[in-house]
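The values are calculated or read from the model by the stated rules, or taken from the named source; none is laboratory data. All values reported here derive from a predicted model rather than from experimental measurement. Cβ atoms come from the backbone with ideal geometry, glycine included; neighbour counts cover every protein chain shown.
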Amino acid sequence: MLKKIWIKISTVNLSIRVKLILSFCAIIIVLLLSTGIAVVEYSSMSNYVSGLISGNINSMNMAKKLNEQGIKHNVDILLYLSQDSNNKLNKPKFSQDNLHSNFSTLKNKLLTKNTRFLADSVFFSYIDYLAEATNLESKQKDTTVDVKTWYFNTLQPKFNKLEDDMTKLSSAIYNDLQKNSFRFDRGFYRSIIPGIVAIGVSILLIILLLFFILSYYVNPLSNMLKGLYNFRAFDKKYSVKFEGDDELEEINRRITELSNENTQMSKLIRTLKAKIKKANELQDNS
């Protein structure tokens, strides 16, 4: 089937104009297709990775907010325990409802299993710390307990654990941000590959088109001009031949016919002149 179609196409005689138009249209189509692919690829990758990076940044901001909240709780307790009798500070208040809300928001923004696992560790450390911190009032009322000793030996280690888990979470989120940034760079270069390929293909097509024009049009025209010059200047036979099925081949065929007719006419004229000259000589002799 394809062979029959190719035979039909190969037997079609295309004009020079149609051949050149088809050649340049092929280059334009390649450029348009590659440009469209590059734009679609870049837009898709940009939207996807931008969403990931935005999520990482929001996660880092939320983690920072939770970390600052924990530091504030710890500092408030330390200030409360360090106050003197003349300057009474209010007892620190802790809201687990707010903590649950903030961690729910954070987990919704996290994109990987590792960061979610670390967020759970931070959450449980935070709950453990707050559970111990809410015992502040009971520890103060208990005369057998040194509150400052309780703070440094019990509460502070829990806070240090919270800080360590928060640091690990922040590092994991930052690593994800680096990976997504690298992915964005890699996606950008991948999206411009179709454009680079298109440029390479277009250059190749232009070289082939140049070779085609030189081989099938410029060189035949040069040979035709050279043949005409030899025919007119040195009375040589016009014998230029080349393969083709377009207007240029038709022009060469007509020039060949005209040159042959001109040669025959010249011979006929010379023959007539010779006969006239001979007839005149015979007439003069008689």
ask   = Is one or more of the residues making up the stretch 16-31 modelled with pLDDT of 70 or more and within 30 Å of Ala172 (Cα to Cα)?
value = no
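Kindly indicate which of Ser170, Ser202 is closer than 30 Å to Leu32 by Cβ, in the same structural domain as Leu136 (by TED's automatic domain parsing), in a helix (DSSP H, G or I) and in contact (Cβ under 8 Å) with a residue 60 or more places away in the chain.
Working: Ser170 fails: closer than 30 Å to Leu32 by Cβ.
Of the residues listed, the single one that is closer than 30 Å to Leu32 by Cβ, in the same structural domain as Leu136 (by TED's automatic domain parsing), in a helix (DSSP H, G or I) and in contact (Cβ under 8 Å) with a residue 60 or more places away in the chain is Ser202.
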ask   = Are any residues in the stretch 259-276 surrounded by fewer than 12 Cβ atoms within 10 Å (Cβ to Cβ) and not basic (Lys, Arg), and if so, which ones?
value = Glu261, Gln264, Met265, Ser266, Leu268, Ile269, Thr271, Leu272, Ala274, Ile276
